[in-house]
Structure formats: structure tokens, C-alpha cells
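Some notes on the structure that comes next.
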Amino acid sequence: MHAQSDKTMAVIGAGTMGRGIVQVFAQAGYDAYMFDMAPEALDSAGKAIEKLLHRAVEKDRMTAEDAESTRSRIHPVSKLCDVGTCPLIVEAATERLEVKLEILQHAQKHVTEGGVLATNTSSISITQLAAAMDHPDRFIGMHFFNPVPLMKLVEVVRGLQTSDETTERTIAWAKEVGKTAVPCNDSPGFVSNRVLMPMINEAIFALQEGVAEPEAIDEIMKLGMNHPMGPLALADLIGLDVCLDIINVLFRDLGEDRYRPCPLLRKMVMAGRLGRKTKQGFFRYE
Ligand code: CAA
């Protein structure tokens, strides 16, 4: 396998999060390999990144030359072997334990000797995933936020066996791509979703119980708490299926009733109303 330079990384999965991670690394001067088995996913990711780069140039946030060199550093690949070996691989595949485990087993072979394998999981235990890897000390959670190019935070999640060196290197990578890295320990939902998901779930209970209309719930939280988006619009942005998966993990692993998923959330997911990605969730999208 061909070894890549230090300024190379790869992302597994070209979905909403994967493509965002690729974009921020490419903008920061990295050659970023974007792997996805589905050519349609690569195509759609390429178009979405292109749109954002175009917009950034149009709005004078980036020069045309910088946009061009960013483009030239993005390498979409549909075969994992084309990634070669990289010092950092970030997995951003489907949020299912079995899927992640299988992908990570393959991905770890593409990490340079001494390199780091990170996962962007929002709810699966880092310690559990790490335990199935050859080098659990060099496995870590690198949790980005949607929309990745705009959101400043990377929650750096240490599994039980993650080494201090791996944590430090991951924090340095996050800083290099312009993010603020905040470390925490592995625990269901980490910090972000432990706090965020119960709020979203409670907003859905309020809606289910007829406390207020969706617009009113969101307006109250936006204006009253200074949140940039209301919890229902945010749930639509994240994806209602993703919200349900995460709240289910909190309920199962923390074992407390306060994390029980709202029946209306389950219903929305069963109906295929998953939010922005299906053009309908608590709100409609064109
Ligand atoms: N991707 C890229 N750019 C986007 C975007 C997206 N999804 N949504 C909006 N933008 C851009 C717009 O194009 C606009 O850019 P221009 O200046 O070029 O016009 C700019 O952002 C501002 O957009 P708007 O004026 O339409 O809206 P806004 O000021 O409300 O900003 C927002 C949009 C940044 C998404 C803001 O509403 C926000 O911060 N919302 C909260 C997002 C959030 O909490 N994310 C975390 C979700 S949790 C998670 O991801 C982790 C998990 O594990 C579930």
C-alpha cells in the first residue's frame, strides 16, 4: 500500500458529516480522501462541497485560488485500497454498531504505523469500538457538529484505553482545521447529546401534548434562550432517525425513565418523516 504524506487524511463515508469533515481538512491544506462505496453518495457530496466553495468565493470569504486548491485536494474514492495509508482516518459511516465495526476493521489497515483512527459517532461507545481494534490506544472519538464547516466544536471523546498522546494529537488536528476541541470521557451521549437530546425529546413531548404549535415551541426557545434554532428545527436538521437512535442509547445505557423516547418521535420515524433530508419533519422543506 502506498503511504501518504503527513498532510493527508481520509474520511470514511460521504454523508452529511463525512463531506463536511473532508471539506474542512481540505480547506486547511490537507489532501483529504473521501471514501464511500456508493458512487451516488460521492457525487452528491462533491456537488454539495462545490456549492459551499462557490458561495464562499461569491461572498468574499475565500479567494478563487484557495477554492481551487481546496478542490484539488479532495479525492473521492469508491475503493478503500485507493486511500493507501494515512496518519489520520475519521470514520463517519452509518450510526450502527455492526456497520461501524465492520468498516473500522477494514479502515484500521489503512492507518499509518503509529497513526490515529477516529470515529465521528454521536452515540456509540468509543470504548466498545476500540476494544475490537488492533490498537485501542490509538482509537478516539472525533465528534463534529452539523453543519461541519460552520460549527466550531469538536468533542474529543476518550475511550477507556485511548492514550494521552492520541488525545493530544487529535486536539491538535482539530485546532489545525480551525475548530475548538473540547475533551471529555466516553459515556452514553458524551456531553453534547446527553444534554441536547433530552431537550429535543421534551420539546416533542410538549408538541405531542398540545402545549403549543411547533412554530411557537421553537420561537420560545429561540427568543427566550437565545438558541440559534428551536429544538424542533434542530431535530429536523440532525435527522429524526438519528435523534431517536441517540435517545434510545441514553435510555438503554443510562437506564432512567427520563430518557424514554417520545412516542411522537417514534411515529415520525416510522412514517419516514425524518426532517430536512426527507423534506418533511416537524416542518416542511423545499
Ligand atoms: N451547511 C452549510 N452552510 C449552511 C447550512 C448548512 N447546513 N445552513 C446554513 N448555512 C449557511 C447559510 O448558507 C448562510 O451562509 P451565507 O452567509 O453564505 O448566506 C449562513 O450559514 C447563515 O445561514 P442562515 O442565515 O440561513 O441561518 P443561521 O444564521 O440561523 O445559521 C446555522 C444557520 C449555522 C445552522 C444556525 O442556525 C445554527 O447554528 N444552528 C444550530 C446548529 C446546531 O446546533 N448544530 C448541532 C447539531 S447536533 C450535532 O450535529 C451532533 C449530533 O451528534 C447530533
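The values are calculated or read from the model by the stated rules, or taken from the named source; none is laboratory data. Fair warning: this is a prediction, and the values are worked out from it, not measured in the lab. A quick note on method: Cβ atoms are made from the backbone with ideal geometry, for glycine too, and the neighbour counts reach across all protein chains shown. These area figures cover heavy atoms from the full protein model, side chains too; ligands, DNA and RNA do not enter into them. Shrake-Rupley method; radii C 1.70, N 1.55, O 1.52, S 1.80 Å.
Computed quantities for the displayed model
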item: Selected residue (only one of Leu150, Leu160 is part of a loop (DSSP other than H, G, I, E, B) and within 12 Å of the ligand (Cβ to nearest atom)); result: Leu150
item: The one condition in (1) under 25 Å from Arg258 (Cβ atoms); (2) assigned to a helix (DSSP H, G or I) that Glu155 fails to fulfil; result: (2)
item: Given (1) more than 15 Å from the ligand (Cβ to nearest atom); (2) surrounded by fewer than 18 Cβ atoms within 10 Å (Cβ to Cβ); (3) within 23 Å of Arg260 (Cβ to Cβ), number of the condition Glu168 does not satisfy; result: (3)
item: Count of segment 113-124 residues which are of a type outside the set (Ser, Thr, Tyr), open to solvent by less than 20 Å² (accessible area, probe 1.4 Å) and part of a strand (DSSP E or B); result: 4
item: Which numbered condition Thr166 misses (of (1) under 21 Å from Val249 (Cα atoms); (2) in a helix (DSSP H, G or I); (3) of a type in the set (S, T, N, Q); (4) not assigned by TED's automatic domain parsing to the domain that holds Leu232); result: (1)
item: Scan of segment 184-207 for residues that are open to solvent by 40 Å² or more (accessible area, probe 1.4 Å), in contact with a strand residue (DSSP E or B) (Cβ under 8 Å, 6 or more places away or on another chain) and within 13 Å of the ligand (Cβ to nearest atom), ordered by number; result: Val191
item: Subset of segment 58-112 (residues that are open to solvent by 70 Å² or more (accessible area, probe 1.4 Å) and assigned to a strand (DSSP E or B)); result: Pro76
item: Segment 1-38: number of residues that are basic (Lys, Arg) and closer than 14 Å to Trp173 by Cα; result: 1
item: Filter result (open to solvent by 10 Å² or more (accessible area, probe 1.4 Å), of a type outside the set (S, T, N, Q) and more than 12 Å from the chain's Cα centre (by Cα)) within segment 125-151; result: Ala131, Ala132, Met133, Asp134, His135, Pro136, Asp137, Arg138, Leu150
item: Among (1) touching a His at 6+ places or on another chain (Cβ under 6 Å); (2) open to solvent by less than 30 Å² (accessible area, probe 1.4 Å) - the single one Tyr33 does not satisfy; result: (2)
item: Boolean, Gly20 is within 16 Å of the ligand (Cβ to nearest atom) and open to solvent by 30 Å² or more (accessible area, probe 1.4 Å); result: no
item: Among (1) in contact with a Phe, Trp or Tyr (Cβ under 9 Å, 6 or more places away or on another chain); (2) closer than 19 Å to Thr16 by Cβ; (3) open to solvent by 40 Å² or more (accessible area, probe 1.4 Å), the one test that Pro228 misses; result: (1)
